[in-house]
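Everything below concerns the one structure shown next.
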């Protein structure tokens, strides 16, 4: 039974995330462009879209309040939703070769690709099958775990005893904890499939044996670091809004101001970069972990 070196895998994953950005765009620029286009159509087809966002602030003797003022325009274009949804779905399918190659690179297999990755082989279809099977199994597990909680309301309406309600709540909580344990143990199913080129849920479940807390610690490190980055971004927004309230900064002077547009553009670019980087780090962590636990230390 191999033990996952959490610190080493975490450090490697964050480094891999930076190094893999050029490879991601070489392999998946077309798929990413399709995904963005489809997402825009889905947003427009949904009936609402943001047309203006600006920071506002107010100050008095006791507090400074800041927030986002958003104007929303209703756009009735329901015919755009389903074409956009299909484009997003197709883009996700076409990203499977990119995901598979990144997983294998993180595990120390293969060479860095140099061109667009669109070819779907048997390996990619097996990864898709593993993703669908994971969704099905985990969905059933969560539904079964949450089933006792559905009886809390009816029991309260019937004035059931407090002990019975507490017992049902405890049972539901235990079920959710069990579902979470199952999720961690099953979290390497897709990268395992990408590396081994076979759908073997029992084997994928087995490679995580004895590594629940190590995998949990790895995922927790990643989540906390990106939470800190996101919180820092939010703090910058609030700070600038407070400055606008106190000093009358151009941030709050109108949606069309040059400062406002530049700030929103930089904010959007930074958020997109953080999202891409976090996805690459998560992919690297799962691929590297699967590589360690299946074959030993990757190259």
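The values are calculated or read from the model by the stated rules, or taken from the named source; none is laboratory data. As the structure is a computational prediction, the values presented were derived from the model and not from experiment. Cβ sites come from the backbone with ideal geometry, for glycine too, and all protein chains shown count toward neighbours.
Checking 200, 141, 167 one by one, the residue that is over 19 Å from residue 285 (Cα atoms), out of contact with any strand residue (DSSP E or B) (no Cβ under 7 Å at 6 or more places or on another chain) and at pLDDT below 80 is 167 and no other.
Looking at this structure, is residue 212 under 14 Å from residue 138 (Cα atoms) and either in contact (Cβ under 8 Å) with a residue 12 or more places away in the chain or more than 17 Å from the chain's Cα centre (by Cα) (or both)? Spell out how you get there, then give the answer.
On the way: under 14 Å from residue 138 (Cα atoms): no; either in contact (Cβ under 8 Å) with a residue 12 or more places away in the chain or more than 17 Å from the chain's Cα centre (by Cα) (or both): yes.
So residue 212 does not fit the description; no.
Set side by side, the residues 90, 39 differ, and just one is modelled with pLDDT of 95 or more and either surrounded by fewer than 16 Cβ atoms within 10 Å (Cβ to Cβ) or not in a loop (DSSP other than H, G, I, E, B) (or both), which is 90. Residue 293 meets the stated requirement of being within 30 Å of residue 183 (Cα to Cα), in a helix (DSSP H, G or I), at pLDDT 80 or above and over 18 Å from the mean Cα position of the chain (by Cα). Within the stretch 170-229, the residues that satisfy the criterion of being assigned to a loop (DSSP other than H, G, I, E, B) and in contact with a helix residue (DSSP H, G or I) (Cβ under 7 Å, 6 or more places away or on another chain) are 186, 187, 188, 197, 198, 199, 208, 211.
If you check 118, 144 for being in a helix (DSSP H, G or I), over 19 Å from the mean Cα position of the chain (by Cα) and surrounded by fewer than 16 Cβ atoms within 10 Å (Cβ to Cβ), only one passes: 144.
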